[in-house]
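See below for the structure under consideration.
What follows draws every value from the coordinates through simple rules; no lab data is involved. Please read these numbers as outputs of a predicted model, since none were measured by experiment. Here Cβ is always computed from backbone atoms with ideal geometry, including for glycine, and neighbour counts include all displayed protein chains.
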Amino acid sequence: MRAVALVILVAVAAPVHADRANADPVDMGFASRRWHLGLEAFTDFPLQVGAQIWAELPGRIRLSTSFGEMPDAYVDLINTIATHAGAYDQNTAEFISEALDGAFTWRLHLGWRPLRRRGLYFEAGYGLMTVHANIGLAGIIAKATGLTPPSNTDLGLGYKIDTVVHTVGGEVGWMWRPWRDLTLRVAVGIAATVSANVHLEPNFLSTVQQPFLRLAGDYVSGVIEKYLFIPTIGLALGWQLF
């Protein structure tokens with residue numbers, strides 16, 4: 001009787017053991033809890049570099065938010081592709097570089113991991129880019145827009161530039177747990193501009209500059225809205241906290 005019971009126990013346990021042995025590392029980490037939280041260092045090339053926090057809720061619903069910066073090299077690459085494609089010329093590219101130089105980025109995504117035993121996921125949501133900086137001489141603006149700046153003011157002090165870009169985007173990716181709670185994630189996605197506002201002010205007292213700067217800001221805002229649709233390749237390394 002004991003022998004029969006032992007045979008039955010082995011027969012029941014073997015498939016369970018085999019299933020766990022063949023399970024994806026993500027499944028082995030996610031199956032133990034219904035709630036999960038993790039931190040990552042990541043890049044979405046050529047959009048941003050930063051840090052992200054993600055959570056997985058019951059039903060494998062994903063929430064993530066990230067903070068980062070748009071490196072100069074990423075802006076240069078976007079401009080290089082756009083100018084070679086004929087979207088805009090080099091003068092406009094220089095103006096856009098000033099408008100997006102070192103932009104602060106923030107993103108909030110909602111997603112889903114459809115397969116319980118695999119790391120495939122989908123996400124979509126909102127993104128923001130902001131810049132508060134200074135731009136050099138009026139020549140950059142004039143060359144890009146074709147506008148003639150007023151000549152009776154001191155142009156050597158430059159201008160303040162404030163840029164706000166609202167985007168929507170999405171990505172599809174895969175997450176692994178190669179070792180303990182270490183996570184590795186790759187993704188492809190896109191960030192599409194919904195609206196952009198570039199505001200320019202002189203670093204000196206002047207009222208005659210306002211029409212020139214308003215037109216210049218409207219020009220570069222329109223270029224960003226029309227052409228800033230960025231395909232991205234994401235790579236992240238992180239740690240699952242629980």
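If you take every residue apart from Tyr126 with its C-beta less than 14 Å away from the C-beta of Tyr126, what net charge results, scoring Lys and Arg +1 and Asp and Glu -1?
So the surrounding residues net to -1.
If you add up the charges near Leu235, with Lys and Arg at +1 and Asp and Glu at -1, over every other residue whose beta carbon is less than 9 angstrom from its beta carbon, what do you get?
With Lys, Arg at +1 and Asp, Glu at -1, the net is 0.
Whose amide H sits under 5 Å from the amide H of Ile190, counting only residues 5 or more places off or on another chain, with H placed in the peptide plane?
Answer set, sorted by chain and number: Gly170, Thr232.
Please work out whether region 123-242 counts as rounded, prolate or oblate from its C-alpha gyration tensor, where a ≥ b ≥ c are the square roots of the eigenvalues and a/c under 1.5 means rounded, while otherwise a/b larger than b/c means prolate and anything else oblate?
Cα axes put region 123-242 in the prolate bin.
FRET efficiency for Leu77 and Leu110, Cβ-Cβ distance as r, R0 = 25 Å, nearest 0.05?
0.30
How far is it, in nm, from the label point at Gln90 to the one at Leu37 when both lie 7 Å from their Cα along the line to the Cβ?
Reported label-point gap for Gln90 and Leu37 is 5.2 nm.
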